[in-house]
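To keep things clear, I will list the structure first and then write my remarks on it.
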Amino acid sequence: MHTEFTTGSARVPANLTQVNGYIVAADYGDIGAELRAVQTDVAVMDRSAWGRLQLMGRDRLDFLQRMSTNDFADLPPSAGRATVFTDARGRMIDRALVYGWADDILIVNSLGAGHRLTSWLRGFIFYRDQVNVSDLTSATAMLTLYGPRAAELAHSALGVSLDTELGFTAVEALRALVGGTDPLGGGGINVVVEADDFPALWERVVGAGATPMGYTAYERLRIAAGWPAYDHEITDTYNPLEAGLLSAVSFTKGCYIGQEVIARTDTYQKLKQHLMGLRFRSADVTLGAPLQVGGKNVGALTSFVPTEDGGIGLGYVRVAYAAPGATVQVACGEPVDAELVALPGRWTRPYGMESSDTSDEDCEV
């Protein structure tokens with residue numbers, strides 16, 4: 001599929017692809033240039049298909065507190081925080097970025113997870129709760145700046161300076177909300193606007209020097225950075241500790257859905273598997289294929305992209321086998337070797353070396 005986006009005086013061709021039921025730009029004709037822009041300069045990606053939810057009402061923070069893993073009791077206005085929504089078994093429904101505002105909360109969640117998360121949240125609103133959940137995805141649009149010059153371009157083109165990595169601010173002149181996001185290439189900034197204002201915003205940032213980037217380059221960078229994705233690493237098969245999402249989990253806050261299971265897993269160091277990077281010399285692999293050692297299943301391949309010298313991927317590997325530098329085989333026809341790679345900066349709580357003082361008492365939610 002192919003379409004064109006107007007960007008300043010030039011027309012930039014975009015090849016399209018379908019991801020989780022949404023049509024997104026796959027690339028703009030030169031994936032290599034897109035990758036280089038993120039690694040050395042700044043790229044812009046249309047991420048309008050990623051979900052955006054709004055929480056309003058007096059009890060919005062209390063509601064979020066009991067529904068997700070992070071602590072929002074002290075969330076100041078204009079600040080952001082990552083969190084995970086889990087079911088009663090502690091398994092992941094989605095990971096999201098939460099931006100607190102004076103009168104409402106904006107939740108940016110995963111591509112393809114919006115309707116499910118909205119429905120799930122609404123199912124836990126009790127009759128006394130003063131909270132409303134609105135899906136803003138179709139009414140708004142979002143672009144993301146990635147790369148070491150993301151903050152510089154946001155300042156020069158949009159007049160925005162964020163105080164913290166997940167800072168959040170409004171730009172009244174652009175009718176935009178701007179917040180930090182998971183970085184690629186050293187930076188990441190989300191810009192959310194009304195859907196009708198998106199073409200002008202896109203033209204503005206591309207005109208300021210941002211290189212348009214599609215999903216193909218994004219997926220390669222995501223996997224290299226070790227960020228888990230919905231319907232790949234984020235599923236109801238795994239919990240946030242296994243995914244290495246410890247920064248999104250509070251071990252001291254009160255009860256939330258799934259807290260008892262997650263607390264026990266942490267307290268008794270019962271982690272079954274780790275999310276690991278994988279490096280391949282062959283691109284002949286199949287997503288979902290078992291990872292094996294000596295013919296024994298020890299995990300599963302959850303993400304993969306080909307590269308110039310083979311491929312890179314992500315997969316869950318049982319703790320006993322999750323050693324960086326070790327070799328596993330992907331069982332898909334003729335077994336393919338893969339080297340296990342530690343994810344950059346992800347494991348801040350080395351299981352088996354320290355314990356948690358978090359209570360695992362029963363919770364009511």
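The values are calculated or read from the model by the stated rules, or taken from the named source; none is laboratory data. None of these values were measured; they are calculated from a predicted model. Note that we place each Cβ from the backbone using ideal geometry, even for glycine, and neighbour counts take in every protein chain shown. We work out accessible area using only protein heavy atoms, side chains counted, and drop any ligands, DNA or RNA first. Shrake-Rupley method; radii C 1.70, N 1.55, O 1.52, S 1.80 Å.
General observations
- Solvent-accessible area per residue for the range 93-239 (1.4 angstrom probe, square angstrom): 40
- Relative contact order (%) - criterion: Cα under 8 Å, at least six apart; region: the chain: 18
- Modelled FRET efficiency - R0 51 Å, LYS296 with ALA102, Cβ distances, 0.05 increments: 0.40
- For peptides 126-137, 290-301, 309-320, sequence by mean Cβ density within 10 Å, most packed first: 309-320, 290-301, 126-137
- Extension gain (nm, one decimal) between THR164 and GLU203, 0.36 nm per residue minus Cα-Cα: 11.4 nm
- Fully extended contour minus Cα-Cα distance, from LEU246 to GLN39, at 0.36 nm per residue: 71.9 nm
- Cβ-based net charge around ALA37, under 15 Å, with every Lys or Arg adding one and every Asp or Glu removing one: -3
- Three-way shape label, the range 52-146, alpha-carbon gyration tensor, a/c 1.5: rounded
- 19 Å reach of a label modelled at ARG116, 7 Å along Cα-to-Cβ, counting backbone N of the range 289-305: 289, 300-304
- Using a Förster distance of 22 Å, the FRET efficiency for ARG175-SER134 (Cβ separation, nearest 0.05): 0.80
- Solvent exposure of the range 264-323 as accessible area per residue, Å², 1.4 Å probe: 49
- Tensor-based shape of the range 97-154 (alpha-carbon gyration tensor, a/c under 1.5 rounded, otherwise prolate or oblate): prolate
- For TYR238, the shell of other residues with beta-carbons less than 13 Å away shows a net charge of -1, using +1 for Lys and Arg and -1 for Asp and Glu.
- Karplus-derived HN-Hα couplings along the range 315-330 (A = 6.51, B = -1.76, C = 1.60, θ = phi - 60°), whole Hz, x at Gly and Pro: x, 8, 10, 4, 3, 5, 10, 8, 10, x, x, 6, 10, 10, 10, 8
- Centre-to-centre separation between the Cα atoms of the range 98-147 and those of the range 27-62: 15 Å.
- Peptide ranges 180-191, 31-42 listed from the most packed, as the mean C-beta count within 10 angstrom indicates: 180-191, 31-42
- Neighbours of GLY209, meaning other residues whose beta-carbon lies under 15 angstrom from its beta-carbon, give a summed charge of -1 when Lys and Arg score +1 and Asp and Glu score -1.
- ASP87/ASP231 FRET efficiency (R0 22 Å; Cβ-Cβ; nearest 0.05): 0.90
- Overall, the accessible surface of the range 196-335 at a probe of 1.4 angstrom is composed of carbon and sulfur to the extent of 48 percent.
- Whether the chain is rounded, prolate or oblate, judged on the alpha carbon gyration tensor where a/c under 1.5 counts as rounded: oblate
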